[in-house]
Amino acid sequence: MAALTITAANVIPVSGYSFKTRLSAAAITIGQSLYVDSSDQWALADADALATGVAVAISLSQAAAAGQPVIGITGGDLGLGAILTVGIPYCVGLAAGSIGPYSDLASGDFPCLVGWPTTTANLRLAFVASTVAI
């Protein structure tokens, strides 16, 4: 499998959700995985390093450049469109901001669970970082 191809128009909070707004550390697109950087800003999560691999939100708004406010969904069910496989855990991906199946990760990557699909369209968010490389 590969990282999810997320269509921004399909990223919709479904139920039980919570939000957090922060400034962006860089350009951000709707549907990307986010972590909080050392400046207390949203940055794109990436499983290649521990420092960037601890995701805590998915972007619900976009930023064209650093310093713009971005809303991140931090919990609940998130609609992503019919792109998910039920029963497969989804994690921070290998490209900055991406989300993909756990099976895409390899030795040296830092797994951070983003969530479990409840349907082929909805992801129940459950951010859990292992903080240990595979």
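Hey, could you check the range 24-63 for residues that are charged (D, E, K, R) and free of Cβ contacts under 8 Å to residues at least 24 places away in the same chain and say which is nearest to Ala133 (Cα to Cα)? Break it down stepwise before answering.
Initially, the range 24-63 is screened for residues charged (D, E, K, R), giving 37, 40, 46, 48.
From what's left, free of Cβ contacts under 8 Å to residues at least 24 places away in the same chain: 37, 40.
Details: Asp37: 19, Asp40: 24 Å.
Checked the range 24-63; the qualifying residue nearest to Ala133 (Cα to Cα) is Asp37.
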Check: In the range 1-19, what residues are surrounded by 15 or more Cβ atoms within 10 Å (Cβ to Cβ) and within 19 Å of Cys112 (Cα to Cα)?
Finding: Ala3, Leu4, Ile6
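Just so you know, all these numbers are worked out from the coordinates, no wet-lab data involved. Not measured: the values here are computed from a predicted model. Cβ sites come from the backbone with ideal geometry, for glycine too, and all protein chains shown count toward neighbours.
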